[in-house]
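Below: the structure, in structure tokens.
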Amino acid sequence: MPAPSDFLQYVDANADNFIQRLSDAVAIPSGDAAHRDDVVKMANWLNSQLKYYGVETELIDLGKHIMDGEELQLPPAILGRIGTDPSKKTVLIYGHFDVQPANKSDGWDTDPFTLVIHEDGRLIGRGSSDDKGPILGWLNVLQYHHQNGKELPVNIRFCFEGMEESGSEGLDELVEKESKAGGWFAGVDCVCISDNYWLNTRTPALTYGLRGLVYFKATVSGPARDLHSGVFGRTVHEPMTDLITLMSKLVDGQGNILVPGVDEMVEPPTESEKEIYERLDYSIADVEESAGAQIAISSNKVDVLMGRMRYPSLSLHGIEGAFSGAGAKTVIPAKVSGKFSIRLVPPQTPDLVEPLVIAYLNSEFAKLGSKNNFSIENLHGGKPWVADHRHWNFEAAKIATRAVYKQEPDLTREGGSIPVTLTFAESLGVNVLLLPMGRGDDGAQ
């Protein structure tokens with residue numbers, strides 16, 4: 001079934017107005033805590049837009065939080081509803097109107113908060129893809145129905161927040177509360193989130209899984225202060241040496257996780273599951289182009305894609321407390337901390353993986369025979385999520401994708417995390433669909 005011709009004509013006729021609205025949204029620098037007033041301004045702007053097109057809304061006070069020792073008011077969440085027909089499905093739409101902070105000096109060719117139309121047609125500006133653009137995509141649909149007096153085919157509920165880039169503080173509690181009888185989300189049949197990307201620039205995608213995360217900080221300390229290597233080298237147990245040894249025992253060069261029991265939690269894929277990865281319009285060349293070098297772990301496309309989407313991965317991120325400046329300082333650091341994370345897939349959870357990591361590193365440190373002190377802490381984590389891509393929610397999205405793009409969508413699992421996805425799935429007990437509006441070359445953020 002093709003997309004309705006009158007709708008496509010409306011989009012073409014109103015493209016300039018849609019782009020101007022996106023430009024207005026991008027111009028509000030709703031970024032970090034230094035721009036908290038702008039995040040609130042963005043909430044009020046979006047709220048007024050929704051109300052203009054017939055959405056009943058409420059700005060929800062999420063309370064306060066502490067950031068860098070300062071108590072700050074959290075920006076409000078926007079809850080909305082339009083349509084109450086019991087004969088129709090009710091769809092909950094989630095998005096976020098905050099963005100990562102940005103300066104032109106970060107590597108931008110243009111002012112990040114001024115929308116620019118590139119000569120190839122791309123719209124460049126902070127939030128144009130993550131996630132103001134997708135939110136306005138839904139607003140454009142509302143405008144079409146409102147101005148043409150057309151009835152929406154479904155009831156819609158909205159949940160838009162301004163803290164996604166800072167951990168979605170306060171949102172989990174709000175979703176859990178509003179999912180109960182009498183709440184804004186009561187009676188929701190499915191959820192749709194547009195906050196991710198296609199694999200490439202060629203083929204639209206539907207996403208049915210996200211990896212979780214558990215992030216660790218491992219610390220080795222010993223001397224009372226930093227020491228000089230000319231005086232103390234090969235004389236004392238050096239914290240850096242111990243830490244490097246420990247971190248070398250976490251993952252090998254092929255990506256295999258060396259912590260006993262972590263990789264083993266995950267069942268091998270079925271043949272039908274492998275076929276999904278084989279069909280994806282993504283190649284080793286795409287992987288290496290995205291990475292900027294020919295460094296893919298394997299030449300087997302299925303293995304590489306499952307490594308990104310279906311299997312856990314362990315990455316080493318950095319060492320805190322070590323010398324990293326220019327020059328040749330010969331210091332022996334008194335205390336160093338290594339940071340690493342594990343991306344999780346079902347049935348793994350932070351609670352299941354954490355004790356395995358802690359026990360393993362404590363055991364490996366004991367083998368060193370070092371007189372230094374070792375500790376490890378879990379900084380934060382989130383559970384993975386996988387949905388049934390054969391559910392009617394996904395089937396409807398497949399039909400819509402074929403109608404608009406004349407293509408079969410890729411079915412993907414993302415390597416990253418959107419924690420609120422699982423909150424919606426667990427609180428509402430319904431299917432959640434990720435419907436990416438961004439292309440693979442958008443440059444997340």
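The values are calculated or read from the model by the stated rules, or taken from the named source; none is laboratory data. Everything numeric here is computed off the predicted structure, so don't read it as measured data. Note: ideal-geometry Cβ built from the backbone for every residue, glycine included; neighbour counts use all protein chains shown. Note: accessible area is taken over every heavy atom of the protein model, side chains too, but ligands, DNA and RNA are not part of it. Shrake-Rupley method; radii C 1.70, N 1.55, O 1.52, S 1.80 Å.
Listed here are the residues, each with its yes/no results for (1) over 21 Å from the mean Cα position of the chain (by Cα); (2) farther than 24 Å from GLU176 by Cβ; (3) part of a helix (DSSP H, G or I).
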site: THR401; (1), (2), (3): yes, yes, yes
site: VAL404; (1), (2), (3): yes, yes, yes
site: GLU408; (1), (2), (3): yes, yes, no
site: GLY416; (1), (2), (3): no, no, no
site: SER427; (1), (2), (3): no, no, yes
site: PRO436; (1), (2), (3): no, yes, no
site: ASP441; (1), (2), (3): no, yes, no
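The residues of region 44-66 that are touching a Ser or Thr at 6+ places or on another chain (Cβ under 8 Å) and in contact (Cβ under 8 Å) with a residue 40 or more places away in the chain amount to a single one, LEU50. When you look at GLY127, is it surrounded by 15 or more Cβ atoms within 10 Å (Cβ to Cβ), outside any strand (DSSP E or B) and at positive phi, yes or no? For GLY127, the condition - surrounded by 15 or more Cβ atoms within 10 Å (Cβ to Cβ), outside any strand (DSSP E or B) and at positive phi - is met. Among the residues of region 259-282, those identified as within 25 Å of GLY440 (Cα to Cα) and either over 23 Å from the mean Cα position of the chain (by Cα) or of a type in the set (Lys, Arg) (or both) are GLU273, LYS274, GLU275, GLU278, ARG279. Restricting attention to region 379-388 and to residues that are outside any loop (DSSP other than H, G, I, E, B) and touching a Pro at 6+ places or on another chain (Cβ under 7 Å), the residue that is surrounded by the most Cβ atoms within 10 Å (Cβ to Cβ) turns out to be GLY382.
Just one of (1) assigned to a loop (DSSP other than H, G, I, E, B); (2) open to solvent by 40 Å² or more (accessible area, probe 1.4 Å); (3) more than 24 Å from GLU176 (Cβ to Cβ); (4) modelled with pLDDT of 95 or more fails for ASP109. It is (4).
Considering region 131-151 alone, what residues qualify as being out of contact with any strand residue (DSSP E or B) (no Cβ under 7 Å at 6 or more places or on another chain) and either part of a loop (DSSP other than H, G, I, E, B) or among the β-branched types (Val, Ile, Thr) (or both)?
Result: VAL141, ASN148, GLY149, LYS150, GLU151.
Restricting attention to region 344-373, and to residues there that are in contact (Cβ under 8 Å) with a residue 24 or more places away in the chain, open to solvent by 40 Å² or more (accessible area, probe 1.4 Å) and among the hydrophobic types (A, V, I, L, M, F, W, C), which single residue is nearest to VAL154 (Cα to Cα)? Going through the qualifying residues, I end up with LEU352. Annotation: GLY170 fulfils all but one of (1) at pLDDT below 95; (2) open to solvent by 60 Å² or more (accessible area, probe 1.4 Å); the unmet one is (2).
The criterion of at least 1 residues that are among the small types (Gly, Ala, Ser) and either within 17 Å of LEU344 (Cα to Cα) or open to solvent by 80 Å² or more (accessible area, probe 1.4 Å) (or both) is met by the following helices (runs of 4 or more DSSP H) wholly inside region 251-312: 284-291, 301-309.
Among the residues of region 1-23, the ones that are open to solvent by less than 70 Å² (accessible area, probe 1.4 Å) and part of a helix (DSSP H, G or I) come to 10 in all. Selection of first residues in region 241-262 that are under 20 Å from GLY212 (Cβ atoms) and of second residues that are open to solvent by less than 70 Å² (accessible area, probe 1.4 Å) and of a type in the set (D, E, K, R), restricted to Cβ pairs under 9 Å at least 6 apart or on distinct chains, gives the following pairs, ordered by first then second residue: ASN256/ASP263; ILE257/ASP263; LEU258/LYS249; LEU258/ASP252; VAL259/LYS249. Is there a residue being among the hydrophobic types (A, V, I, L, M, F, W, C), assigned to a loop (DSSP other than H, G, I, E, B) and surrounded by 19 or more Cβ atoms within 10 Å (Cβ to Cβ) anywhere in region 201-223? No; the residues of region 201-223 include none that is among the hydrophobic types (A, V, I, L, M, F, W, C), assigned to a loop (DSSP other than H, G, I, E, B) and surrounded by 19 or more Cβ atoms within 10 Å (Cβ to Cβ).
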